[in-house]
Structures are given as C-alpha cells and as structure tokens.
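**Student:** Below is the structure I would like to discuss, written out as structure tokens.
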Amino acid sequence: MRWLSIGLVPALLLTAGASPTDRADPGAMSDTAKVLASDAFEGRSPGTAGEQRTLEYLVARFKALGLAPGGPDGAWLQKVPMIHTRLGTGTIGFSDTAGKSVSFDPAKEINLTTVRADPRIAIAGAPMVFVGYGVSAPEAKWDDFKDVDLRGKVAVFLVNDPDFEAVAGEDAFGRFGGRRMTYYGRWTYKFDEAARRGAVAALIIHDTGGAGYGWSTVSASNGENYDIVRDAGDRRVPLQGWIEHDAADRLFKAAGLDLAALRVKARSAAFQPVAMPLRFSADLPVAVARIESANVLAKLPGTSRASETVMFGAHWDAYGRGPADAQGRTIRPGANDDGLGVAGVLELARLFKAGPRTDRSLVFALWTGEERGLLGSEYYATHPVYPLATTAANLTMDILQTAGPAKDVILVGAGNSTLDQDLADAARAQGRTITAETFSERGLFYRADHFSVVRRGVPSLLLMALGGPPDLVSGGKAAGQRWLDAYMACYHKTCDAWDATWDLRGAAADVDLFHAMGLRLARAGVWPTWSATSEFLALRRKTDAERR
C-alpha cells in the first residue's frame with residue numbers, strides 16, 4: 001500500500017470527518033471523484049497499474065470509515081479472473097457467392113472484438129444469415145430464428161426489440177413494451193443467442209436511436225475486450241461486433257436485398273431468417289492476457305437479521321487509455337461514469353456507519369469490469385458472497401447529474417418492482433417528484449451492474465442521470481437538457497473529467513434517497529417484490545421458501 005503515502009487518503013479523510021452525519025456531502029463526493037479521475041489512476045482499466053492504485057485507495061477508504069471486509073473469507077477483495085483480448089492487424093472482408101469482394105472500409109465501418117482466448121480467429125467464407133431482431137421469446141409467442149441452423153454461419157441482427165419502430169397494426173406493436181427496451185433488445189442477449197446456436201460471428205447493425213449511443217461509443221473498444229473466465233460449457237461467439245448503418249445498407253444492396261424492407265418484415269411474427277448471398281471472412285491475430293481483477297466489498301453487519309442483506313453498488317472501472325483526442329489526451333478518466341457513483345457509495349457507507357446498526361447487514365460493492373459487460377457484478381452473481389435469495393434489494397448508482405438541485409428524480413425501469421414506491425416516498429420527503437425515464441428505448445435498466453443480480457431475481461433499482469433531463473431548480477428541464485447534451489458529448493471519452501464547477505448538491509440529494517430507502521429496507525420483514533408483469537417475478541418466486 002506504499003502508493004498511498006502520497007497523502008491523498010489522509011486529505012480525503014479530513015474532508016469526510018467534517019461531513020454531516022445525516023446527509024451526503026457534495027464536497028466529499030467531489031474530492032473522491034477528483035482523485036479517481038486523476039492521471040495517477042490511468043482511467044482505471046482492469047489489469048493495469050491504475051487498477052491496483054484504485055483497489056488500494058478504495059480499501060483504505062472503507063477501512064478509514066470503520067467498515068468490515070465484505071469479501072470471501074474476510075477479505076476486502078473478491079478476485080475476478082478475466083481474460084483480456086485485443087484483435088491485431090489482419091484481414092476482414094465480405095464477398096458475393098462468386099467470390100467478388102464487396103467494397104467495405106474495415107477501419108471505419110465495422111467494429112469487432114472477441115471474448116475467446118483463441119490466439120487467432122480465422123473465418124473463411126462463412127455464409128451470412130439475417131435473423132431480424134434475433135429474439136426468441138416463447139412468452140410473447142415470438143421466434144425470429146424459426147429453427148434456422150446457424151452453425152458455422154454469421155448471424156446479422158437489428159438492434160433493439162421488434163416493437164422499437166413498430167406501428168399500430170403490426171404484429172410487434174406493443175408486444176415488447178413499446179419503445180421501452182426489454183432484455184431482448186440488448187446486444188449482450190443477441191451475442192449470447194448467436195453463441196448458443198453455434199454461429200461463428202455475430203454482427204449487429206448499428207442505429208444511434210436503437211442502440212442509445214452513437215457510433216463513436218461502439219468504436220471506442222478499439223478491438224479490445226474483456227470477459228470473466230467461464231466454465232467450459234459456457235459458449236462465447238468467436239467474433240462479435242457492429243456494422244455501421246450506412247455500410248450495412250450498402251452490404252444488403254450488394255446482396256440484392258433491401259434492408260429497409262426487411263426491417264418492416266422483421267416486425268412480423270411470421271418473419272423468416274434470410275440467407276444472404278454473401279460470405280464473411282476474417283483472419284485476425286488475438287493478443288490474449290489472463291488477468292486477475294477484483295471487486296471491492298465492505299459491510300456493516302446487521303443485528304437481528306444479519307444473514308439478510310441490502311446491497312449498494314457502483315463500478316470503479318472506466319475505459320483506461322485510448323486513441324489521442326484533439327488535445328492529445330489518451331486517458332478516459334470516467335470522473336462521472338462512475339467516479340461519482342463510487343463517491344456516492346462511500347458516502348452511504350459513512351452515513352450508515354454514523355447511525356444506529358440495522359437489522360439486516362449492509363453490503364457496499366464496488367465492481368470491476370462494468371464497462372466491459374458488467375463483468376465484476378456478473379462474477380459476483382455466479383459466485384455470491386451473500387445468498388441472493390436473502391438479498392432484499394440492490395441499489396445501484398451509475399452516473400449522477402452535476403448541475404445542481406433538481407425538483408425531480410429520474411426513475412429508470414418504471415413499473416418493475418415495489419422499489420418504485422420506496423423511491424417515490426423518499427423523494428416526497430425531500431419535496432421532489434418522480435419522473436419516468438425519457439429514453440426507455442435505450443434499455444438503461446439492463447445496462448448497469450444491478451442487472452447481474454436482477455437476472456437471478458433480486459429486486460433492484462438504478463439511479464442513472466442518462467434517463468432524461470432533470471427538472472433543475474435553476475433553469476428547469478431546459479437547463480437539464482443542456483446538461484445532459486453536454487455530458488453525452490463526453491460519454492466514455494477523455495472529457496469525462498472532474499470539473500471544479502460541478503454543482504453536486506443534486507447528486508448528493510440522490511445519494512440521500514438511497515440512504516432513506518436503505519434504512520427502510522434494512523428492517524426485518526421488508527421484502528420488495530417484482531410487479532406481476534415483470535419477467536423476473538418467476539425467478540424470485542423460486543426462492544420464496546428461503547425468505548420465509
């Protein structure tokens with residue numbers, strides 16, 4: 001822990017010591033984010049010196065707050081074995097069935113990665129199949145695959161759900177929640193389906209509206225990817241990625257197909273996969289490194305119900321180094337995403353430590369690998385330190401607004417569980433209201449670490465400022481939209497940096513919402529439940545007996 005001798009931790013502890021004991025401190029949150037976003041942390045990418053510094057810093061903070069280690073066997077860290085892959089320079093190409101190449105710019109119009117530990121990915125003339133949205137949902141009486149054999153082939157998907165662009169009268173209209181994205185719309189689901197069905201590659205056609213982010217966000221991976229080390233039977237598709245929208249249009253035209261018309265057909269339950277008269281080839285070296293990353297876990301043991309838990313979470317990782325921007329900066333510091341979320345969790349730990357002990361144990365989790373596919377939280381969900389059946393709830397913070405006090409709080413994933421009402425009650429006590437997310441089609445509920453335990457049935461709530469413009473006390477929604485637009489221009493980029501002009505009073509108020517909710521949830525007998533229409537209700541019901 002010699003690195004800590006530079007004095008950052010003692011300085012921060014002085015700030016924390018002067019903080020109020022009944023509410024989150026905006027100044028302390030700013031100080032934490034400033035440290036985590038500093039160059040010394042190198043963008044906090046797993047497997048780097050920046051990770052080691054981050055872990056040391058976070059453990060020291062929890063120790064100074066007086067918390068107990070919350071990891072396996074009394075440790076602060078839950079080790080997360082990962083592989084880190086980077087595609088090297090090679091060849092990528094499309095051709096027609098006669099072998100004639102189709103014009104394509106692999107440097108600008110396709111983004112590929114792998115999560116396999118193979119030293120080389122070699123695909124020679126694999127047939128391509130357009131599978132629409134690639135959704136298999138028996139409960140919705142929907143199957144885009146129709147038993148097509150994808151073994152040895154390339155699956156081409158549309159992004160989002162079948163009803164994302166559906167209009168009244170079409171089969172898909174309203175079948176998947178309207179424009180609100182379900183898990184079927186997430187790229188992770190599509191890649192998993194491609195792997196399960198034996199495809200050698202999975203390509204998603206990028207649309208900014210359907211994905212919820214621009215091409216620059218997709219291309220930020222720069223051929224690099226991470227995954228947790230998985231069991232031998234847990235298949236991963238050898239090559240996965242995205243095709244830029246205009247380039248996909250050209251490819252389909254070269255194949256004699258009309259992509260716009262196929263989009264319409266894909267909104268019908270009768271849609272049939274389309275064999276494309278194209279072949280895909282790739283020969284790419286892969287640099288593979290096995291690394292050991294870690295989640296940081298701390299706890300405050302409960303009293304009468306210590307075996308039951310309430311979990312608070314955020315992710316410590318960011319995007320590390322990338323291509324230089326116009327100013328020559330290469331570090332993507334993740335000051336807000338999710339340095340501020342980490343700061344919020346540390347404030348929650350301080351507030352709960354300063355108060356009376358709760359019936360249930362409180363767990364404070366800072367995850368690795370969120371930006372690489374929720375990897376740290378996924379590892380925890382498959383190797384839980386605390387039984388998921390008796391985890392009452394998970395409350396996650398991932399990106400908080402920095403523009404000052406707000407009259408409302410954005411609810412992501414409205415209607416999922418009784419936690420919605422808990423949030424509304426806490427907001428009312430602050431004189432605030434609830435606003436449902438504006439951009440439900442972006443699937444934010446499925447894009448943060450809480451989702452790893454949601455998939456195992458744990459009721460969860462996410463606070464994420466990307467859900468819509470806050471109704472700011474100063475300037476209203478118009479000012480909130482200006483803040484949101486400015487932040488999105490820096491999303492996952494070098495300019496997501498700490499700023500002395502941040503006004504974190506609104507972010508601190510959001511942390512206080514989770515503190516109020518946590519106090520209620522940590523009482524004996526309080527068990528949040530999924531709504532009757534939730535796809536996660538059946539999962540939770542399987543463990544009902546363990547909560548009785």
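The values are calculated or read from the model by the stated rules, or taken from the named source; none is laboratory data. For clarity, every value in this text was computed on a predicted model and none was experimentally measured. As a convention, Cβ positions derive from the backbone with ideal geometry for all residues, glycine included, and neighbour counts pool all protein chains shown. All accessible areas refer to the heavy atoms of the entire protein, side chains included, with ligands and DNA or RNA removed. Shrake-Rupley method; radii C 1.70, N 1.55, O 1.52, S 1.80 Å.
**Student:** Determine if segment 15-27 includes at least one residue that is within 17 Å of Ala335 (Cβ to Cβ), open to solvent by less than 10 Å² (accessible area, probe 1.4 Å) and modelled with pLDDT of 95 or more.
**Tutor:** Checked against the condition, which is being within 17 Å of Ala335 (Cβ to Cβ), open to solvent by less than 10 Å² (accessible area, probe 1.4 Å) and modelled with pLDDT of 95 or more, segment 15-27 yields no hits at all.
**Student:** Looking for whichever is within 15 Å of Ile205 (Cα to Cα) and of a type in the set (Gly, Ala, Ser) here; the options are Gly125, Gly134. Which one fits? Even if it seems obvious, please write down each step before you answer.
**Tutor:** Numbers: Gly125 fails: within 15 Å of Ile205 (Cα to Cα).
Result: Gly134 is the single residue among Gly125, Gly134 that is within 15 Å of Ile205 (Cα to Cα) and of a type in the set (Gly, Ala, Ser).
**Student:** Among the listed residues Gly480, Gly525, Gly518, Gly506, which satisfies the condition of being at positive phi and not hydroxyl-bearing (Ser, Thr, Tyr)? Don't jump to the end; show me each part of the working.
**Tutor:** On the way: Gly480 fails: at positive phi; Gly518 fails: at positive phi; Gly506 fails: at positive phi.
Going through Gly480, Gly525, Gly518, Gly506 in turn, just one is at positive phi and not hydroxyl-bearing (Ser, Thr, Tyr): Gly525.
**Student:** Working only within segment 89-141, note down all residues that are among the aromatic types (Phe, Trp, Tyr) and at pLDDT 95 or above.
**Tutor:** As a first pass, look at segment 89-141 and keep what is among the aromatic types (Phe, Trp, Tyr): 94, 104, 130, 133.
The answer is Phe94, Phe130, Tyr133.
**Student:** Evaluate segment 457-467: report whether one residue or more is within 26 Å of Gln430 (Cβ to Cβ) and either open to solvent by 20 Å² or more (accessible area, probe 1.4 Å) or free of Cβ contacts under 8 Å to residues at least 60 places away in the same chain (or both).
**Tutor:** yes
**Student:** Looking at segment 425-439, which of its residues are open to solvent by less than 30 Å² (accessible area, probe 1.4 Å) and either part of a loop (DSSP other than H, G, I, E, B) or not hydrophobic (A, V, I, L, M, F, W, C) (or both)?
**Tutor:** Initial filter on segment 425-439 (open to solvent by less than 30 Å² (accessible area, probe 1.4 Å)): 426-427, 432, 437.
Answer for segment 425-439, where residues must be open to solvent by less than 30 Å² (accessible area, probe 1.4 Å) and either part of a loop (DSSP other than H, G, I, E, B) or not hydrophobic (A, V, I, L, M, F, W, C) (or both): Arg432, Glu437.
**Student:** If the requirement is being among the small types (Gly, Ala, Ser), part of a loop (DSSP other than H, G, I, E, B), in contact (Cβ under 8 Å) with a residue 60 or more places away in the chain and on the phi < 0 side of the Ramachandran plot, which of these qualifies: Ala24, Ala33, Ala28?
**Tutor:** Numbers: Ala33 fails: part of a loop (DSSP other than H, G, I, E, B); Ala28 fails: part of a loop (DSSP other than H, G, I, E, B).
Step by step, each of Ala24, Ala33, Ala28 is checked, and only Ala24 is among the small types (Gly, Ala, Ser), part of a loop (DSSP other than H, G, I, E, B), in contact (Cβ under 8 Å) with a residue 60 or more places away in the chain and on the phi < 0 side of the Ramachandran plot.
**Student:** What is the one condition in (1) in contact (Cβ under 8 Å) with a residue 60 or more places away in the chain; (2) more than 17 Å from Tyr226 (Cα to Cα); (3) open to solvent by less than 10 Å² (accessible area, probe 1.4 Å) that Pro323 does not satisfy?
**Tutor:** With (1) in contact (Cβ under 8 Å) with a residue 60 or more places away in the chain; (2) more than 17 Å from Tyr226 (Cα to Cα); (3) open to solvent by less than 10 Å² (accessible area, probe 1.4 Å) applied to Pro323, the lone miss is (3).
**Student:** Pairs please, first residue from segment 146-171 and more than 30 Å from Ser440 (Cβ to Cβ), second anywhere and of a type in the set (S, T, N, Q), Cβ atoms under 9 Å, 6+ apart in sequence or on different chains.
**Tutor:** Listed pairs, sorted by first residue: Val148/Gln272.
**Student:** Pairs needed: first member in segment 38-61, in contact (Cβ under 8 Å) with a residue 60 or more places away in the chain and part of a helix (DSSP H, G or I); second member anywhere, aromatic (Phe, Trp, Tyr) and open to solvent by less than 50 Å² (accessible area, probe 1.4 Å); C-beta distance under 7 Å; at least 6 residues apart or different chains.
**Tutor:** Correct list of pairs: Gly50/Phe41; Thr54/Phe41; Thr54/Trp316; Leu58/Trp316; Val59/Trp76.
**Student:** Next question. Any idea which residue in segment 62-111 is nearest to Thr48 (Cα to Cα), counting only those that are among the hydroxyl-bearing types (Ser, Thr, Tyr) and either exposed (fewer than 14 other Cβ atoms within 10 Å of the Cβ) or in contact with a Pro (Cβ under 7 Å, 6 or more places away or on another chain) (or both)?
**Tutor:** The initial filter retains those residues of segment 62-111 that are among the hydroxyl-bearing types (Ser, Thr, Tyr), namely 85, 89, 91, 95, 97, 101, 103.
Pick out the ones that are also either exposed (fewer than 14 other Cβ atoms within 10 Å of the Cβ) or in contact with a Pro (Cβ under 7 Å, 6 or more places away or on another chain) (or both) and you get 89, 91, 97, 101, 103.
Details: Thr89: 23, Thr91: 29, Thr97: 45, Ser101: 40, Ser103: 38 Å.
Of everything passing the filter in segment 62-111, Thr89 is nearest to Thr48 (Cα to Cα).
**Student:** OK, next. Within the set of pairs 6 or more residues apart or between chains, which connect a residue that is without any contact (Cβ under 8 Å) to a residue 60 or more places away in the chain inside segment 430-444 to a residue that is open to solvent by less than 30 Å² (accessible area, probe 1.4 Å) and of a type in the set (Gly, Ala, Ser) with Cβ atoms less than 6 Å apart?
**Tutor:** Ile434/Ala424; Ile434/Ala427; Glu437/Gly467; Glu437/Gly468; Thr438/Gly468
**Student:** When the residues of segment 112-124 are filtered to those that are surrounded by fewer than 18 Cβ atoms within 10 Å (Cβ to Cβ) and of a type in the set (A, V, I, L, M, F, W, C), which remaining residue is nearest to Leu55 (Cα to Cα)?
**Tutor:** Across segment 112-124, the extreme among qualifying residues is Ala117.
**Student:** Considering only residues that are assigned to a loop (DSSP other than H, G, I, E, B) and small (Gly, Ala, Ser), look in segment 505-548 and name the one that is modelled with the highest pLDDT.
**Tutor:** Here is the first cut: in segment 505-548, the ones assigned to a loop (DSSP other than H, G, I, E, B) are 522-529, 531-536, 542-543, 548.
Imposing the further condition that a residue be small (Gly, Ala, Ser) reduces the set to 522, 524-525, 531-532, 534.
Numbers: Ala522: 97, Ala524: 86, Gly525: 89, Ser531: 94, Ala532: 90, Ser534: 86.
Residue satisfying both the conditions and the ranking: Ala522.
**Student:** So, in segment 270-303, of the ones that are part of a loop (DSSP other than H, G, I, E, B) and farther than 27 Å from Val454 by Cβ, which residue ends up least open to solvent (accessible area, probe 1.4 Å)?
**Tutor:** Going residue by residue through segment 270-303, those that are part of a loop (DSSP other than H, G, I, E, B) are 270-273, 301-303.
Subsequent filtering for residues that are farther than 27 Å from Val454 by Cβ retains 270-273, 303.
Numbers: Ala270: 72, Phe271: 10, Gln272: 108, Pro273: 30, Thr303: 72 Å².
Step by step, filter segment 270-303, then rank; the result is Phe271.
**Student:** So which residues in segment 330-360 are touching a residue at least 12 places away in the same chain (Cβ under 8 Å), more than 30 Å from Ala220 (Cα to Cα), open to solvent by 10 Å² or more (accessible area, probe 1.4 Å) and outside any helix (DSSP H, G or I)?
**Tutor:** Once the filter is applied, which keeps residues that are touching a residue at least 12 places away in the same chain (Cβ under 8 Å), more than 30 Å from Ala220 (Cα to Cα), open to solvent by 10 Å² or more (accessible area, probe 1.4 Å) and outside any helix (DSSP H, G or I), segment 330-360 yields Gly355, Arg357, Thr358, Asp359.
**Student:** Tell me, which residue of segment 217-245 that is out of contact with any strand residue (DSSP E or B) (no Cβ under 6 Å at 6 or more places or on another chain) and touching a residue at least 12 places away in the same chain (Cβ under 8 Å) is surrounded by the most Cβ atoms within 10 Å (Cβ to Cβ)?
**Tutor:** Here is the first cut: in segment 217-245, the residues out of contact with any strand residue (DSSP E or B) (no Cβ under 6 Å at 6 or more places or on another chain) are 217, 220, 222, 230-236, 244-245.
Filter again for touching a residue at least 12 places away in the same chain (Cβ under 8 Å), leaving 217, 220, 222, 235-236, 244-245.
Values: Thr217: 17, Ala220: 18, Asn222: 14, Arg235: 16, Arg236: 18, Glu244: 20, His245: 17.
Result: Glu244.
**Student:** Does segment 459-470 include one or more residues that are over 20 Å from the mean Cα position of the chain (by Cα) and either at positive phi or not in a helix (DSSP H, G or I) (or both)? Even if it seems obvious, please write down each step before you answer.
**Tutor:** Going residue by residue through segment 459-470, those that are over 20 Å from the mean Cα position of the chain (by Cα) are 470.
After this cut, where a residue has to be either at positive phi or not in a helix (DSSP H, G or I) (or both) as well, the list is 470.
Checking segment 459-470: at least one residue is over 20 Å from the mean Cα position of the chain (by Cα) and either at positive phi or not in a helix (DSSP H, G or I) (or both).
**Student:** Restricting attention to segment 140-153, report how many residues are part of a loop (DSSP other than H, G, I, E, B), in contact with a Lys or Arg (Cβ under 6 Å, 6 or more places away or on another chain) and under 17 Å from Ala166 (Cα atoms). It would help to see each step written out before you state the result.
**Tutor:** Step one: filter segment 140-153 for residues part of a loop (DSSP other than H, G, I, E, B), giving 141, 144-153.
Those still in the list that are in contact with a Lys or Arg (Cβ under 6 Å, 6 or more places away or on another chain) too: 150.
From what's left, under 17 Å from Ala166 (Cα atoms): none.
Qualifying residue count for the region: 0.
**Student:** Here's a follow-up. Of the residues in segment 111-139, how many are touching a Phe, Trp or Tyr at 6+ places or on another chain (Cβ under 7 Å), within 21 Å of Val288 (Cα to Cα) and either in a loop (DSSP other than H, G, I, E, B) or among the hydrophobic types (A, V, I, L, M, F, W, C) (or both)? Let's see the steps before the verdict.
**Tutor:** Taking segment 111-139 and keeping what is touching a Phe, Trp or Tyr at 6+ places or on another chain (Cβ under 7 Å), we get 111, 123, 126, 128, 131-137.
Narrowing the set further to residues that are within 21 Å of Val288 (Cα to Cα) leaves 111, 123.
From what is left, the residues that are either in a loop (DSSP other than H, G, I, E, B) or among the hydrophobic types (A, V, I, L, M, F, W, C) (or both) are 123.
Residues flagged as touching a Phe, Trp or Tyr at 6+ places or on another chain (Cβ under 7 Å), within 21 Å of Val288 (Cα to Cα) and either in a loop (DSSP other than H, G, I, E, B) or among the hydrophobic types (A, V, I, L, M, F, W, C) (or both) within segment 111-139 amount to 1.
**Student:** Confirm whether Asp149 is at pLDDT 95 or above, of a type in the set (Asp, Glu) and open to solvent by 20 Å² or more (accessible area, probe 1.4 Å).
**Tutor:** On the way: at pLDDT 95 or above: yes; of a type in the set (Asp, Glu): yes; open to solvent by 20 Å² or more (accessible area, probe 1.4 Å): yes.
For Asp149, the condition - at pLDDT 95 or above, of a type in the set (Asp, Glu) and open to solvent by 20 Å² or more (accessible area, probe 1.4 Å) - is met.
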